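Encoded as structure tokens, the structure appears first; notes follow it.
The values are calculated or read from the model by the stated rules, or taken from the named source; none is laboratory data. None of these values were measured; they are calculated from a predicted model. Cβ placement follows ideal geometry from the backbone for every residue including glycine, while neighbour counts extend to all protein chains displayed. Accessible surface areas use protein heavy atoms only, side chains included; no ligands, DNA or RNA. Shrake-Rupley method; radii C 1.70, N 1.55, O 1.52, S 1.80 Å.
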Amino acid sequence: VQLVESGGGLVQAGGSLRLSCAASGMMFSISAMAWYRQAPGKQRELIATITSGGTTNYVDSVKGRFTISRDNAKNTVYLQMNSLKPEDTAIYYCNKIGTTQWGQGTQVTVSS
């Protein structure tokens, strides 16, 4: 399994970013996927999940601002992040649920 995250960057508070995670070496279309983030000095936190059928769930802190989606034709899972806040600053990782496979992550920095 290989996961490659991209799309991070520096953005002002209130701005938006879309993260992508390209997956390979797995049956992507039948895999539940997740986005996690890890802020400096904190544990990695699960923030959003999507099942193979497209059902989504979010942690309360991002509900209504972030949207997880998937494109099975492209073996890619996305995280659309709107109304970003400084506390969203973290390294963002995608994960195939049920595994310990991680990509390198992508840095998101939100300035106030």
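Label separation (residue 65 vs residue 83): 0.8 nm, computed from points 7 Å beyond Cα along the C-beta direction. Across the stretch 75-88, computed HN-Hα scalar couplings (Karplus, 6.51 cos²θ - 1.76 cosθ + 1.60, θ = phi - 60°) run 6, 9, 10, 10, 9, 7, 10, 10, 6, 5, 10, x, 6, 7 Hz from first to last residue, x flagging Gly and Pro. With protein chains left intact and a 1.4 Å probe, residues in the chain average 51 Å² of accessible area per residue. Legend: residues 88, 71, sorted from most to least accessible area (1.4 Å probe; ligands, DNA and RNA excluded), read 71, 88.
Taking other residues whose beta carbon is less than 11 angstrom from the beta carbon of residue 13, and scoring Lys, Arg as +1 and Asp, Glu as -1, yields -1.
The distance between label points at residue 44 and residue 29 comes to 2.8 nm (points 7 Å beyond Cα on the Cα→Cβ vector). The simple spin-label model puts a point 7 Å past each Cα toward its Cβ; for residue 13 and residue 97 those points are separated by 3.3 nm. Calculated translational diffusion coefficient of the chain (4 °C, 1.567 mPa s; Stokes-Einstein with Kirkwood radius over alpha-carbon pairs) equals 94 µm²/s.
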